[in-house]
Amino acid sequence: METVGRYQPPVADIAFALDRLADLPGLSKRPDFADLDRETIQSLLVEFGRFVAEVLSPLDAVGDAEGSHHDPVSGEVRTPTGWRQAYAKYVDAGWGSVPFPSEHGGGGFPWLVAIAMQEMMTSANMAFSLCPMLTQGAIDMLLHHGSEEQQARYLTKMVSGEWTGTMNLTEPQAGSDVGALTTKAVPAGDGTWRITGQKIFITYGEHDLTDNIVHLVLARVPDAPAGTRGISCFIVPKYVVGDDGSLGERNQVRCLSIEHKLGIHASPTCVLEFDGATGYLIGEVNAGMRYMFTMMNGARLSVGLQGLSIGEAAYQQAYRYAIERRQGRPLGAQPGAAIVEHPDVRRMLLTMRSLNEAMRGLCYLNAEAVDLAKHGEDQAERAAQQELADLLTPITKSWCTDMGSEVASLALQVHGGMGYIEETGVAQRYRDVRISAIYEGTNGIQALDLVGRKLGIRDGSAVGDLLTRVESLDARLAAAGEPLATIREGLKEAVTGLRSSTHWMLETLATDGRRALAGASPYLRQWGTVLGGWLLAQQALAALPGAASDEYPAAKVSTARFYCEHLLPQAAGFGRAAVAGDATLYEPSEAALASR
Ligand SMILES: Cc1cc2nc3c(=O)[nH]c(=O)nc-3n(C[C@H](O)[C@H](O)[C@H](O)COP(=O)(O)OP(=O)(O)OC[C@H]3O[C@@H](n4cnc5c(N)ncnc54)[C@H](O)[C@@H]3O)c2cc1C
């Protein structure tokens, strides 16, 4: 039974979510996107889907089996067979340039379109997708904070994909606690800086896909304040770039080794040594953490999207297996029916499918808010959308990556013993997706961000506005009547619970931070679960017979109903855990935690 490597881009599902859960038609009418029409965007997505399915997807298993290789003598890294050619095709077609401004060679499309493209690329080959994803993040950071001179020197080649970008935060003693980093930057006297220190876990820190790599590196200048307030950000190119754009001398940055990992084997995770490397300061000294947040916020949305991407690829494999594998006689089915007829297997498949649709809705809504924060009509709209993006980002990152792991695990379960055997390829999905809950700020850190930083936006009014928006769908659900009655009931109960735990969080945070933070992770999970129900309720409304979108299949209504009847009730449990407090976390002494 051949189930490996046949990812099919779900073009219709993607179009549905772009148009009905986000508002791509509305977005593409905005003045900044006036030259784009919906048909152009759709043909771009279909063409890109073909590229990832034909070129990147077949290399996914190759990359997993071969991995990337490091030469300890030269410090160079070789990517797996076929990757250089695939990357060259990616560059030739200009796929990486789609969402960037035309003055730097970009296509001027909304970020939302780039996110739909990233979804497909990551489903096809997550290890490959990390390189373009980080490059796009680095471009975004330079667009926001780089000087005109820096933009002119680096952006065109990065936008085209001829050079790639990296993000250098982590050091052995500075993981979640970025403020503990010790890499040093000292002035060289000619306007440049000398960067010295060691970074670990740097994705695509060294590779053979391009002739230059633009590292964005966090470091401390002499006498910088302690913690995150004393961090500056530097451009450190692998090869120094001359005024005419030509490549000059090899910079003093070297890859010491690459890691052996659970998944994404082909993505080189590098230990980089900077030994007096030439660096160029971005913006002001000691403001680097703020700049890096531009890159991290974009990257957090992209990492959340990885949960969806792997979930989608895993679902496709599980479904194909379930309609072929025969075991037992499912109740009420003909003899010889496949396992897809067993109620428990259907439960697993629908759990996967509805979670994927909910994740897609959330990622696209988040991307649309990022677009409108930049391209909104007036300052008020831009500010409101920035608030929404800020609020959604930790939820998207954390909830979608947790759900992506759950979906991949269910895909493995649908395969029975064959899921645990590497040849079906589904085990790779399970291994690959696991990192997404860890990097770009662990999911625990995302929950702290949601409760500690985001709830406080406008003294809780931003979160209140989002809750009101979720509640306001009730009138439309009521008007839809019986077909959506269970969705309405489930959502009403779930949002009432969320309002109540939000109230508790805001009150408790003001008086006893530790008590509030003890419930941050289940609280974030409650948010994700409720937003998933809200988005799927909108999906059901859009897909109801007689709705404007008659052509959409009735399956969209039934997945929404499944979610609201079978998964949304979990929100109440997360809500109770969110307000349980910290007493039982600290009652056992450390000695009691140790195993005996
Ligand atoms: C494959 C891979 C690729 C990566 N790519 C990059 C990259 O390109 N660039 C880069 O700079 N880094 C990269 N990283 C590093 C990654 O971002 C860090 O691993 C991650 O931020 C966690 O840091 P840590 O590993 O030191 O874990 P720790 O910070 O030691 O965390 C351990 C545990 O403690 C918890 N914890 C820590 N602090 C707190 C807190 N304040 N409150 C509550 N809980 C806490 C964490 O949630 C976690 O569960 C990569 C890592 C991997 C494995």
Looking only at region 164-203, count how many residues are among the β-branched types (Val, Ile, Thr), within 10 Å of the ligand (Cβ to nearest atom) and either in contact (Cβ under 8 Å) with a residue 60 or more places away in the chain or part of a strand (DSSP E or B) (or both). 5
For residue 93, are the conditions met, namely being farther than 30 Å from residue 531 by Cβ, at pLDDT 95 or above and over 23 Å from the mean Cα position of the chain (by Cα)? yes
Considering each of 559, 502, 511, 584 in turn, give the residue that is touching a Lys or Arg at 6+ places or on another chain (Cβ under 9 Å) and not aliphatic (A, V, I, L, M). 559
Quick one: how many residues across region 54-71 are of a type in the set (Asp, Glu) and in a loop (DSSP other than H, G, I, E, B)? 1
Among (1) among the aliphatic types (A, V, I, L, M); (2) at pLDDT 90 or above; (3) surrounded by 13 or more Cβ atoms within 10 Å (Cβ to Cβ), where does residue 12 come up short? (3)
Residues satisfying the stated conditions in region 373-395, i.e. closer than 26 Å to residue 525 by Cβ and more than 16 Å from the chain's Cα centre (by Cα): 373, 384, 385, 386, 387, 388
Of all helices (runs of 4 or more DSSP H) completely enclosed by region 402-476, which ones contain at least 2 residues that are within 16 Å of the ligand (Cβ to nearest atom) and crowded, with 16+ Cβ neighbours inside 10 Å? 426-433, 443-448
Here the residues within region 25-53 that are charged (D, E, K, R), surrounded by fewer than 13 Cβ atoms within 10 Å (Cβ to Cβ), part of a helix (DSSP H, G or I) and over 23 Å from the mean Cα position of the chain (by Cα) are 39
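Residues checked against (1) of a type in the set (A, V, I, L, M, F, W, C); (2) modelled with pLDDT of 95 or more; (3) not in a helix (DSSP H, G or I):
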| site | (1), (2), (3) |
| --- | --- |
| 530 | yes, yes, no |
| 534 | yes, yes, no |
| 546 | no, no, yes |
| 549 | no, no, yes |
| 575 | no, yes, no |
Being in contact with a strand residue (DSSP E or B) (Cβ under 6 Å, 6 or more places away or on another chain), surrounded by 17 or more Cβ atoms within 10 Å (Cβ to Cβ) and not aromatic (Phe, Trp, Tyr) narrows it down to one residue among 165, 146; which is it? 165
Answer yes if at least one residue in region 578-592 is assigned to a helix (DSSP H, G or I), in contact (Cβ under 8 Å) with a residue 24 or more places away in the chain and under 29 Å from the mean Cα position of the chain (by Cα), and no otherwise. yes
Does residue 234 satisfy the criteria of being more than 12 Å from the ligand (Cβ to nearest atom) and in a strand (DSSP E or B)? yes
Being of a type in the set (Lys, Arg) and within 16 Å of the ligand (Cβ to nearest atom) narrows it down to one residue among 220, 229, 254; which is it? 220
Identify the residue in region 259-270 that is surrounded by fewer than 21 Cβ atoms within 10 Å (Cβ to Cβ) and out of contact with any helix residue (DSSP H, G or I) (no Cβ under 9 Å at 6 or more places or on another chain) and, among all such residues, is farthest from residue 426 (Cα to Cα). 259
Return yes or no: is residue 141 of a type in the set (A, V, I, L, M, F, W, C), within 16 Å of the ligand (Cβ to nearest atom) and assigned to a strand (DSSP E or B)? no
Selection from region 204-223 of residues that are assigned to a strand (DSSP E or B) and within 22 Å of residue 242 (Cα to Cα): 212, 213, 214, 215, 216, 217
For residue 275, all conditions in the list (1) part of a strand (DSSP E or B); (2) within 16 Å of the ligand (Cβ to nearest atom) hold save one; what is the number of the exception? (2)
How many residues does region 441-492 contain that are aliphatic (A, V, I, L, M) and free of Cβ contacts under 8 Å to residues at least 12 places away in the same chain? 4
May I ask you to list the residues in region 54-74 that are within 18 Å of residue 257 (Cα to Cα) and surrounded by fewer than 17 Cβ atoms within 10 Å (Cβ to Cβ)? 69, 71, 72, 73, 74
Residue among 502, 486, 508, 496 that is under 27 Å from residue 352 (Cα atoms), of a type outside the set (Lys, Arg) and touching a helix residue (DSSP H, G or I) at 6+ places or on another chain (Cβ under 7 Å): 486
Would you confirm whether or not region 517-535 contains a residue that is of a type in the set (Lys, Arg), within 16 Å of the ligand (Cβ to nearest atom) and farther than 25 Å from residue 305 by Cα? no
Of all residues in region 477-486, which are assigned to a helix (DSSP H, G or I) and more than 32 Å from the chain's Cα centre (by Cα)? 478, 479, 480, 482, 483, 485
Of (1) over 16 Å from residue 169 (Cα atoms); (2) free of Cβ contacts under 8 Å to residues at least 12 places away in the same chain; (3) under 30 Å from the mean Cα position of the chain (by Cα), residue 266 satisfies all except one. Which? (2)
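The values are calculated or read from the model by the stated rules, or taken from the named source; none is laboratory data. Only a predicted model underlies this, so the values are computations on that prediction, with no experimental measurement involved. Methodologically, a virtual Cβ is constructed for each residue, glycine included, from the backbone with ideal geometry; neighbour enumeration extends over all protein chains shown.
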